[in-house]
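Below is one structure, written out as structure tokens; the observations come after it.
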Amino acid sequence: MAQQKVLQQAVLRRLREITKERKRLEREVEALDGEYAAMQLLAERYGVADQAPPARAIAAKLPKPTEAVIALLTKEPGLMTRDVVERLENAIATDSNKPRRLIRSTVEVLRRRGKLAKGEGGALTVVPSQLMRVG
């Protein structure tokens, strides 16, 4: 029992560290986005061609649908399927011309495979065994 408590505390401590680091990185990315937008304005003003990365390179940085669904529901358990679809519609790597349908299908497949659970009123949560695999 004592070993389990130590393990639980270590897991929680690491989750807090990761959350803190993610927040720091998100702030850094926001700052870079602001700088990038300012540089784009200057480039337009001075007629400099934009050297934007190709769409494929941008898509490669986005998470795959399954990873995105698990990560979102780990971060915010209790969302409804429609909320998951709304939040991830433009935030996943896909070539599909129907990303909303893809996300809905992904949620249903994960639920059937036992990786997600549907609670009262359709609230989705990640099954505890999946929490350790995120990140």
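Worth pointing out:
- Taken together, the residues in the stretch 30-69 that are over 24 Å from residue 109 (Cβ atoms), surrounded by 12 or more Cβ atoms within 10 Å (Cβ to Cβ) and at pLDDT 80 or above amount to 2.
- Note on the stretch 85-128: among residues that are farther than 16 Å from residue 67 by Cβ and polar (S, T, N, Q), the one that is surrounded by the most Cβ atoms within 10 Å (Cβ to Cβ) is 125.
- Within the stretch 103-120, if we keep just the residues that are assigned to a loop (DSSP other than H, G, I, E, B) and over 18 Å from the mean Cα position of the chain (by Cα), the residue that is farthest from residue 77 (Cα to Cα) turns out to be 113.
- Pairs where the first residue, in the stretch 69-82, is under 15 Å from residue 100 (Cβ atoms) and the second is exposed (fewer than 13 other Cβ atoms within 10 Å of the Cβ), C-beta under 8 Å, 6+ apart: 80/121; 80/122; 81/122
The values are calculated or read from the model by the stated rules, or taken from the named source; none is laboratory data. Computed from a predicted model, the values in this text were never measured in an experiment. Please note: Cβ atoms are built from the backbone with ideal geometry, for glycine as well, and neighbour counts cover all protein chains shown.
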